[in-house]
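The values are calculated or read from the model by the stated rules, or taken from the named source; none is laboratory data. Keep in mind it's a predicted model, so treat the numbers as computed, not measured. Counting neighbours? That spans all protein chains shown, and the Cβs are built from the backbone with ideal geometry, glycine included. These area figures cover heavy atoms from the full protein model, side chains too; ligands, DNA and RNA do not enter into them. Shrake-Rupley method; radii C 1.70, N 1.55, O 1.52, S 1.80 Å.
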Amino acid sequence: MFKKKGLMLLLAFCLVLVAAGCGTNSNESSSGSKETAGESGEQVTINFMHLWPEGVSAGQNKIVNQIIKAYQDEHTNVTIKQEVLDNEQYKNKLKVLSASNKLPDVGVTWAAGFLQPYVEGKLFTPVDDLLSGELNGKFVSGTTEAYAIDGKTYALPLEFNIAPVYYNKSLFEKYKLEIPQTYEELKAIAKTLSENGIAPIALGNKDRWTGSLWYMYLADRIAGQQTLSGAINGEGAFTDEGLLQAATEVQTLVDSNAFVKGFNGLSNEEAKSEFLNGKAAMYMMGTWELPNFTTNEDIPKEFRDSVGFFKFPKVEGGKGDINSWVGGPGVGLFVSENSAVKAEAKAFVEYFVTQWGEQAVTGAGVIPATKVDTSSMELPQLYIDLFNEMNQASSITLFADVQMQASAAETHLNMIQALFGKAVTPEKFSEEHDKAISEGK
Amino acid sequence: MDKVLSNKKIIALYVLPSLLLILAIVYIPIVLTAYYGLNEWNGIGAMTFVGLDNYLALFKDETFWNSAWHSLLLAVFSGMSLLLYLIVAMVLAARIKGAQLFRKIYLIPMLLSSVAIAQLWLKIYHPTNGVLNSILESLGFANPPAWLAESSLVLFALFIPILWQYAGFYILIYYAALKNIPASLEEAARIDGANALQIAWKIKLPLVMEVIKVTIVLAVVGSLKYFDLIFVMTDGGPNGASEVMASYMYHEAFRAYDFGYGSAIGFFLLVICLAVTWVIRKLTASKDTIQYS
């Protein structure tokens, strides 16, 4: 008899637990929306999802917390609830939340092709009103445009990046090498280094977009910026002679052992460590790597002091300009269309972007998308030099995989890896691109 | 107690929660996946019903068939390696010195997370600093391959850690099954003059046959839907040389924003797994199980 009772009790307990589990969940979400429905003065909660976890992006994480704290102090009725995820997890979660229409009030997004499905699904709200307000004219030109679709801007950019070639000065000195002015010189440098047992260029092409940078620069310098962007947005074609030649040059570089061994199986992080260890002499990467070469204490000072950069050299007979860069805005902030606290969320975004500008420079060493007066700040020389280069840029071509729509971007990245691995001919490489872009999804 | 368990209403009450759970987290998603496969959908906006287009496209998709072939290869390798595991288990189950220790050593990879294993093997396979290539170089191979970057090698380079990862699991299953055989049978056979090989072949093998059948299904189906180590170590690359069905599904759904197509791959994968399980069951079916008592 006791046993029976006990079993029934246990069962009842389990059922209560299950019911309670459901209950708290629904309570939480409903109370959340009630709070956020509020008129001004009432308690407001803004959900903010971002991708700067403390472990991976310590600098950015600190700044985010500072800004949030300051904002909450100024607006005592506002609570900002953070959800922090790693890059890849963040992208996946964003998609899952979109499918069930439960986006956070404020979140992080990428530009152009990444943005498009979200805008088409009416999930992000236009933030043009913010651009004409306090932030008017504060953005570096070309940054907000990357977040605009059909004349409306859907997110405010936080960072802006260009990709230089970093090089190890002490290795260059050791082998009496000069910064290359032409592509031929670059090839000669690669040859010298490789003959001396030093890997010329660190490249982690498992990540694919890393190889894309090299192709983009070659395409830019040989065929010119206009031809390249034309091909990417579908007005031109990748079968253009100059672009074909760029693809051929990629394979020439591979053949001359210009890249670190096994690059197609190495991740960007692994390749980077080859450069950081002084085993590879050059490394092309976005300016988001700057902190590693300037202020990051985990990397020996001796190494940081020996890092310089150069612009991708001119190709003789090519149409490109040496001041033309490959780059683009990093991430930006969006406000969810279905947010119950849209006005408050927008106010927070405006505040965040303004604050981010200065703090990101000094605190994290990243280049912000807003104009910042750096003259009064004490900054590493490498940082200032690149900052100035960016202001003198004649054109900036957005990273191809960011610019293209998701499916075409995937084809592009796969083809890049195949091209570097010599699994496709330049002709096939170009044809596949045109096919994917014309399908337009 | 007996009364409680014979009351049909009570039984239903007990079963219902787990039945509902299974329905909600297994069967309904399967039906939904099949349905998504009938749509063109980027995962965010509206779905467009396209009928069987995605499923038909699968049959013409070269990358899909390549990845299916890679999955099949992995399944065959896993299946064959079971024999090796069985031999190891037999040796361990025989009273050898240090069997306890070895059993634990074999089980360790099973306890590590896949990502940790992937990182470990990435270090081993590193083209210049890796342990493997350092050993090869010191043995006089001037230019050892970059294992994970060569299209022709990458798949087999991946199979080794995968088989290594699961070795302990299968060895443990076999070990437990072998230990279940009454010692009296072996002793009787030995008295009758059977040698170790005969005992293994004629007594132990038939008695663990049922377990072997289960492990074959586990290994083959597990291989067909294998994902994690490959995803971390190569992400299906270089240029698709190590793409398997599950990683291709992930890439189509989450990278190329083609949830409809991704779902179609997922559903097809399920169908293949069910079919393979059925075939293995048919092939290994025996009318009566052998029992010595």
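Of all residues being closer than 15 Å to A:GLN43 by Cβ and hydroxyl-bearing (Ser, Thr, Tyr) in region A:57-82, which is least open to solvent (accessible area, probe 1.4 Å)? Just the residue, please.
A:TYR71
Consider A:GLY308 against the criteria (1) within 14 Å of chain B (Cβ to nearest Cβ); (2) over 17 Å from the mean Cα position of the chain (by Cα); (3) open to solvent by less than 20 Å² (accessible area, probe 1.4 Å): it satisfies all of them except one. Which criterion is unmet?
(1) is the only condition that A:GLY308 fails.
It is to be established whether one or more residues within region B:164-171 are farther than 13 Å from B:LEU82 by Cα, without any contact (Cβ under 8 Å) to a residue 60 or more places away in the chain and either away from chain A (no Cβ under 14 Å) or among the small types (Gly, Ala, Ser) (or both).
No.
Output the number of the condition that B:PHE102 fails; it satisfies all remaining conditions of (1) surrounded by 14 or more Cβ atoms within 10 Å (Cβ to Cβ); (2) modelled with pLDDT under 90; (3) within 12 Å of another protein chain (Cβ to nearest Cβ).
(3)
Residue under question is B:ALA219, and the condition is that it be within 14 Å of another protein chain (Cβ to nearest Cβ), in contact (Cβ under 8 Å) with a residue 24 or more places away in the chain and either out of contact with any strand residue (DSSP E or B) (no Cβ under 7 Å at 6 or more places or on another chain) or not β-branched (Val, Ile, Thr) (or both); does it hold?
It is false that B:ALA219 is within 14 Å of another protein chain (Cβ to nearest Cβ), in contact (Cβ under 8 Å) with a residue 24 or more places away in the chain and either out of contact with any strand residue (DSSP E or B) (no Cβ under 7 Å at 6 or more places or on another chain) or not β-branched (Val, Ile, Thr) (or both).
Which one is surrounded by the most Cβ atoms within 10 Å (Cβ to Cβ) among residues in region A:258-298 that are away from chain B (no Cβ under 11 Å), more than 20 Å from the chain's Cα centre (by Cα) and closer than 27 Å to A:PHE429 by Cα?
The selected residue is A:MET282.
Where residues in region A:98-117 are among the aliphatic types (A, V, I, L, M), at negative phi and surrounded by 18 or more Cβ atoms within 10 Å (Cβ to Cβ), which of them is farthest from the chain's Cα centre (by Cα)?
The selected residue is A:LEU103.
Exactly one of (1) assigned to a helix (DSSP H, G or I); (2) of a type outside the set (Asp, Glu); (3) open to solvent by less than 20 Å² (accessible area, probe 1.4 Å) is unmet by B:LEU274. Its number?
Here B:LEU274 clears every test but (3).
Can you list the helices (runs of 4 or more DSSP H) found entirely within region A:118-217 that contain at least 3 residues being in contact (Cβ under 8 Å) with a residue 40 or more places away in the chain, more than 14 Å from chain B (Cβ to nearest Cβ) and open to solvent by less than 10 Å² (accessible area, probe 1.4 Å)?
Values: elements: A:128-131, A:169-174, A:183-195.
Filter on region A:118-217 gives A:183-195.
Anything in region A:397-441 that is of a type in the set (A, V, I, L, M) and either open to solvent by 60 Å² or more (accessible area, probe 1.4 Å) or assigned to a loop (DSSP other than H, G, I, E, B) (or both)? List them, or say none.
Answer for region A:397-441, where residues must be of a type in the set (A, V, I, L, M) and either open to solvent by 60 Å² or more (accessible area, probe 1.4 Å) or assigned to a loop (DSSP other than H, G, I, E, B) (or both): A:MET404, A:ALA423, A:VAL424.
Can you go through B:SER242, B:SER247, B:SER184 and tell me which one is surrounded by fewer than 22 Cβ atoms within 10 Å (Cβ to Cβ), among the polar types (S, T, N, Q) and over 20 Å from B:ALA89 (Cβ atoms)?
B:SER184
For region A:138-162, what are the residues that are over 20 Å from A:ALA360 (Cα atoms) and of a type in the set (S, T, N, Q)?
A:THR153
Sort out which residues of region B:87-124 are β-branched (Val, Ile, Thr) and either part of a helix (DSSP H, G or I) or touching a Leu at 6+ places or on another chain (Cβ under 7 Å) (or both), and write them in order of number.
B:ILE87, B:VAL88, B:VAL91, B:ILE105, B:ILE108, B:VAL115, B:ILE117, B:ILE124
Considering each residue of region B:125-162, count those that are open to solvent by less than 40 Å² (accessible area, probe 1.4 Å), of a type in the set (A, V, I, L, M) and assigned to a helix (DSSP H, G or I), and give that number.
Number of matching residues: 6.
Over 30 Å from B:PRO127 (Cα atoms) and either open to solvent by less than 10 Å² (accessible area, probe 1.4 Å) or within 14 Å of chain A (Cβ to nearest Cβ) (or both), is that true of B:ILE230?
No: the conditions fail for B:ILE230.
Which count do you get for residues in region A:407-424 that are out of contact with any helix residue (DSSP H, G or I) (no Cβ under 6 Å at 6 or more places or on another chain) and among the small types (Gly, Ala, Ser)?
Looking only at that region, the number is 3.
Grab the helices (runs of 4 or more DSSP H) fully contained in region B:1-86, keeping just those with 3 or more residues being among the hydrophobic types (A, V, I, L, M, F, W, C), surrounded by 12 or more Cβ atoms within 10 Å (Cβ to Cβ) and within 12 Å of another protein chain (Cβ to nearest Cβ).
Those helices (runs of 4 or more DSSP H) span B:8-22.
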